[in-house]
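**Student:** This is the structure, below, for whatever I ask next.
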Amino acid sequence: MSNKVICSHCHLEFTKEVMIVEDEYFFCCKGCQGVFHLLSDEGLDSFYDKAGDTKLSSPTTQYEDSSNFNAPAFYDKFVTVNKDGSSSVSLIIEGIHCSACIWLNEKALHKMDGIIEAEINFTNNKANIVWLDDVIKLSNIVDMIRAIGYNAYPYDASLQEVHIHKERKDYYMRMAVAIFASMNIMWIAVAQYAGFFTGMTQDIKTILNIAEGALATPVLFYSGWIFFRGSYYGMKNSVVNMDLLVATGASVTYVYSIYITLVEHGEAYFDSVSMIITFVLIGKFLEVLSKKNAADTLDIIGRHLPSEVNILKNQEITASKLEDVCVGDIVVVSSGERVLLDGEILTGEGSFNESSLTGESEPVYKKVGDKVISGTISIDADIHFLVSRDFEHSTLSNLVSLLENAIQKKPKIQILANRLSEHFSSAVLLLSVLTFFVWWLWPHSLEESLMVGVSVIIIACPCALGLATPVATLVGLNLAAKKGILFKEAAQLETMAKVTTLVVDKTGTLTLGKPSVMKETIVHDFDRSLLYSLVKYSNHPISQGLVDFFKEKKLKELVFDTFKQIAARGLRAEYQNLELIGGNAEFMRDNGITPNYMSENSLFFFAINKELIAIYELSDTIKDGAKELVSTLKQKDIETIMLTGDHQQSAEKVASFIGIDNVHANLSPQDKLLFLQELQKNGNIIVMVGDGVNDILALASADIGIVMGSGSDIAVDVSDVVLLNDSLISLLAAFRISSTTFKLIKQNFGISLVYNAITIPLAMAGYIIPLIAALSMSFSSLLVVGNSLRIKYKWSRS
């Protein structure tokens, strides 16, 4: 009779000597007994029905004092106070094993007074908790989590980055060992295969087997430890995964090869052990490289913002930390600087670039009394403004919060191999075991039966299946990189092949994002060096457009006697008794010049000694390849939609020229996000292409976010794909490469499945010995690799 019983709470076995009996329930410790009663008293005992037989961690009391969670220093670093007065924090919950654990924690927290929201992400065990601090303290929340058998600690992005770096380093070491050993084993295998066909004495064969076994041992038990660990957790949760098949196939082959080496009879297959582990480990490493740590979102903008601003106090300008600036402080901003806080202008005027938030390509003129928005850039304005909102509640900070939510809701993509692996692995293991017993009971010898069973596992080893996606993907990624297309995640190639809708921003995406001269009207002939030198002194976008226009003419730069720039209006200078005036129509009229000229484009007038000399029309230029992109995607039944913060007339002009029928203008970043979410609700798979901060919410929310390489650093960070050369031709190439790659992936799966459908029955019938099985397995892998390389040769000819 067994001396062990199962705990009614954690389901772990324990000896009767430490048992706590209560009615028909048995507990291994006071902690489990306490949690059991807590759940029953709170009406949460249905947790046990949801958890089934899942084994839980026993409650422990070895925690730091929960009062530390109430410390002011902890609140300053980890807790956010919301506009409505509630508090929010992100915690990592330890001890979560299954969806029932998620359910229990959320239910337990929601039953507490003062809890507004408690959501836990199962993929990373990160809990977002919102509560009323005057009703319940954070320490009480942590105590509840601990009371039901779990633990909590604050989420720290820097620690997560350290963990990811450690994981990658671990993979590098395991792969290095596997590849080094496999290469040396292959040299030995060449001699063995040659000896098999030409003849080799048993003592030489044994020596070679021992050498191979010595090299295969670290590959199996060090490099392959990942698969043993995955198999353990899979079996613990009643899941047969590909890790189990890899570990079983490699282990059985390893044990069988040791037996062959000891009895000095038959063929050992240590090379198969090494190749099984190495091939699949490389595929697994590709998955690690493609992971995106969405939880680090809040750090993205922080890395690209200055940490200090200049404030005016007691008639002195001093530097202050961004987070220390309060409502009512006066901030000083000079031309070329970024506005980091929201406020109202007290002194000064000038033009501001708001394209990063609104998408509007034209600079916005602002004067005393106007509002300035955090995230915009002063072009030529030197201002003092009164802070209306601190950084935590600013427009830019609010954008960060929305961005985090958008990324957390990004759809998860599963590679086709993962969809098939569980059923495939289960079927192969079952067939292998059945084959062994059928042969053994036929009857055949144990050695012969084991050899046939091992042949089934080896020949059906998922090398080809495991390589079907990563090899084709690697070739596709490499080809894309050569064409200036950087995919951050390998899985995005698959998603692009399935896209139904392309959503594009206008300014900087379909257009160059800067004005260029479209038309030059000369009223009276003049020395163009005068105008070139005048605009060369200004950093206004219109002036810079004229500078680019005149650069090709190789004009000389003159030194003026006097020069003055009037913010958002124009330029004035004197040169050898000549008065030079350049600017907009209003500036001309202020100087007694009547410019009777109208255009839908931006206008720049130039006058000498109060006489109009030349007129320049400037407009944002449409990029090459825009028409071809839209027309080609139409042929593929992919709809193109323009979303822009620019005005309706400008948007429709560009859309009409390119061939886009669906246009939405005057949109804020939040409007773009809501529009995309509505499209996704209707089942659309969306690629969003943008370049600025105003696009980052949409970029993060889309199934794939693509950004121009010249876009803002923040947009590049949150995107999935970067077009390094800013070319729409590259965007079209990205669609074509992804489509071709996905077709090859499906072909590779077809090759792998047909191979298994033919070879597994032959192996079960005893027609394939383990040696031929190993060669066949390698051949199927090479076939998949060769098929994947076809994309490389196809595009090299294009």
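**Student:** All but one of (1) at pLDDT below 85; (2) open to solvent by 10 Å² or more (accessible area, probe 1.4 Å); (3) assigned to a helix (DSSP H, G or I) hold for N725; state the number of the condition that does not hold.
**Tutor:** (3)
**Student:** Being of a type in the set (D, E, K, R) and either under 22 Å from S351 (Cβ atoms) or at pLDDT 90 or above (or both) is the filter here, so list the residues in the range 522-560 that pass it.
**Tutor:** Hits for the range 522-560 are D525, D527, R528, K536, D548.
**Student:** Being under 20 Å from D637 (Cβ atoms), assigned to a helix (DSSP H, G or I) and small (G, A, S) is the filter here; which residues of the range 654-672 pass it?
**Tutor:** Within the range 654-672, A655 is the sole residue that qualifies.
**Student:** Out of all the residues in the range 678-692, is one or more over 18 Å from T495 (Cβ atoms), under 26 Å from the mean Cα position of the chain (by Cα) and open to solvent by 50 Å² or more (accessible area, probe 1.4 Å)?
**Tutor:** For the range 678-692, residues over 18 Å from T495 (Cβ atoms), under 26 Å from the mean Cα position of the chain (by Cα) and open to solvent by 50 Å² or more (accessible area, probe 1.4 Å): present.
**Student:** Moving on. Considering only the range 541-575, how many residues are touching an Asp or Glu at 6+ places or on another chain (Cβ under 6 Å) and under 18 Å from N353 (Cβ atoms)?
**Tutor:** Qualifying residue count for the region: 1.
**Student:** Right, next: Just a yes or no: is a residue in the range 476-496 in a strand (DSSP E or B), touching a Ser or Thr at 6+ places or on another chain (Cβ under 8 Å) and either of a type in the set (F, W, Y) or modelled with pLDDT of 75 or more (or both)?
**Tutor:** Yes, the range 476-496 has at least one match.
**Student:** Only residues that are farther than 19 Å from S650 by Cα, touching a Leu at 6+ places or on another chain (Cβ under 8 Å) and not charged (D, E, K, R): list them for the range 614-633, please.
**Tutor:** A614, I615, G625, L629, T632, L633
**Student:** Considering every residue within the range 129-146, establish whether at least one is at pLDDT below 60, part of a helix (DSSP H, G or I) and in contact with a Phe, Trp or Tyr (Cβ under 9 Å, 6 or more places away or on another chain).
**Tutor:** no
**Student:** May I pose another question? So if I check each of I179, I207, which one is at pLDDT 85 or above, aliphatic (A, V, I, L, M) and open to solvent by 70 Å² or more (accessible area, probe 1.4 Å)?
**Tutor:** None of the other options fit; the residue is I207.
**Student:** Determine, yes or no, whether L633 is surrounded by 16 or more Cβ atoms within 10 Å (Cβ to Cβ) and within 30 Å of L530 (Cβ to Cβ).
**Tutor:** So L633 does not fit the description; no.
**Student:** Working only within the range 693-712, note down all residues that are open to solvent by 10 Å² or more (accessible area, probe 1.4 Å) and at pLDDT 85 or above.
**Tutor:** Answer for the range 693-712, where residues must be open to solvent by 10 Å² or more (accessible area, probe 1.4 Å) and at pLDDT 85 or above: just D703.
**Student:** Do you know which residues across the range 389-402 are open to solvent by less than 60 Å² (accessible area, probe 1.4 Å) and at pLDDT 85 or above?
**Tutor:** D390
**Student:** For residues that are assigned to a strand (DSSP E or B) and touching a residue at least 40 places away in the same chain (Cβ under 8 Å), scanning just the range 584-610, find the one that is farthest from D527 (Cα to Cα).
**Tutor:** So the residue we want is S602.
**Student:** Could you say which residue among R569, R589 is in contact with a Pro (Cβ under 9 Å, 6 or more places away or on another chain), among the charged types (D, E, K, R) and within 16 Å of A607 (Cβ to Cβ)?
**Tutor:** Result: R589 is the single residue among R569, R589 that is in contact with a Pro (Cβ under 9 Å, 6 or more places away or on another chain), among the charged types (D, E, K, R) and within 16 Å of A607 (Cβ to Cβ).
**Student:** Only residues in the range 183-199 that are more than 15 Å from Y269 (Cβ to Cβ) count as the first member; pair them with residues that are open to solvent by 40 Å² or more (accessible area, probe 1.4 Å) and in a helix (DSSP H, G or I), Cβ under 7 angstrom, at least 6 apart or cross-chain, and list the lot.
**Tutor:** N184/L215
**Student:** For the range 196-210, what are the residues that are of a type outside the set (F, W, Y) and over 18 Å from V263 (Cβ atoms)?
**Tutor:** T198, G199
**Student:** Do we find that G766 is part of a helix (DSSP H, G or I) and modelled with pLDDT of 80 or more in this structure?
**Tutor:** Taking the combined requirement at face value, the residue does not satisfy it.
**Student:** Still on this structure: Considering the range 516-537 alone, what residues qualify as being out of contact with any Leu (no Cβ under 6 Å at 6 or more places or on another chain), in contact (Cβ under 8 Å) with a residue 24 or more places away in the chain and closer than 19 Å to A568 by Cα?
**Tutor:** S516, L531, Y537
**Student:** Go through the residues of the range 508-519 one by one and say whether even a single one is assigned to a loop (DSSP other than H, G, I, E, B) and among the hydrophobic types (A, V, I, L, M, F, W, C).
**Tutor:** no
**Student:** Of these, I317, I311, which one is open to solvent by 70 Å² or more (accessible area, probe 1.4 Å), modelled with pLDDT of 85 or more and not in a helix (DSSP H, G or I)?
**Tutor:** Going through I317, I311 in turn, the sole match is I317.
**Student:** crowded, with 19+ Cβ neighbours inside 10 Å, in contact (Cβ under 8 Å) with a residue 40 or more places away in the chain and out of contact with any Leu (no Cβ under 6 Å at 6 or more places or on another chain), is that true of S668?
**Tutor:** So S668 fails the test.
**Student:** Restricting to the range 549-563, and then to whatever is within 18 Å of N539 (Cα to Cα) and open to solvent by 30 Å² or more (accessible area, probe 1.4 Å), can you tell me which residue is farthest from the chain's Cα centre (by Cα)?
**Tutor:** Here the answer is T562.
**Student:** Name the residue, out of I581, I613, that is part of a strand (DSSP E or B) and either touching a residue at least 40 places away in the same chain (Cβ under 8 Å) or farther than 18 Å from K536 by Cβ (or both).
**Tutor:** Going through I581, I613 in turn, just one is part of a strand (DSSP E or B) and either touching a residue at least 40 places away in the same chain (Cβ under 8 Å) or farther than 18 Å from K536 by Cβ (or both): I613.
**Student:** What are the pairs with Cβ atoms under 6 angstrom where one residue, in the range 539-568, is farther than 23 Å from D382 by Cα and the other, located anywhere, is modelled with pLDDT under 90 and among the acidic types (D, E)? Sequence gap at least six, or different chains.
**Tutor:** Close Cβ pairs satisfying both conditions: none exist.
**Student:** May I pose another question? Mind checking whether some residue in the range 301-308 is part of a loop (DSSP other than H, G, I, E, B) and at pLDDT 85 or above?
**Tutor:** Among the residues of the range 301-308, not one is part of a loop (DSSP other than H, G, I, E, B) and at pLDDT 85 or above, which makes the answer no.
**Student:** Mind checking which residues of the range 564-578 are part of a strand (DSSP E or B) and open to solvent by 40 Å² or more (accessible area, probe 1.4 Å)?
**Tutor:** Result: K564, Q565, R572, E574, Y575, L578.
**Student:** Kindly evaluate R589 against the criterion of being open to solvent by 70 Å² or more (accessible area, probe 1.4 Å) and out of contact with any Ser or Thr (no Cβ under 8 Å at 6 or more places or on another chain).
**Tutor:** Answer is yes for this residue.
**Student:** Then there's this: Got a sec? Which of T621, T640 is closer than 21 Å to L512 by Cα, open to solvent by 30 Å² or more (accessible area, probe 1.4 Å) and part of a strand (DSSP E or B)?
**Tutor:** T621
The values are calculated or read from the model by the stated rules, or taken from the named source; none is laboratory data. Keep in mind it's a predicted model, so treat the numbers as computed, not measured. Methodologically, a virtual Cβ is constructed for each residue, glycine included, from the backbone with ideal geometry; neighbour enumeration extends over all protein chains shown. Heavy atoms of the whole protein, side chains included, go into the accessibility calculation; ligands, DNA and RNA do not. Shrake-Rupley method; radii C 1.70, N 1.55, O 1.52, S 1.80 Å.
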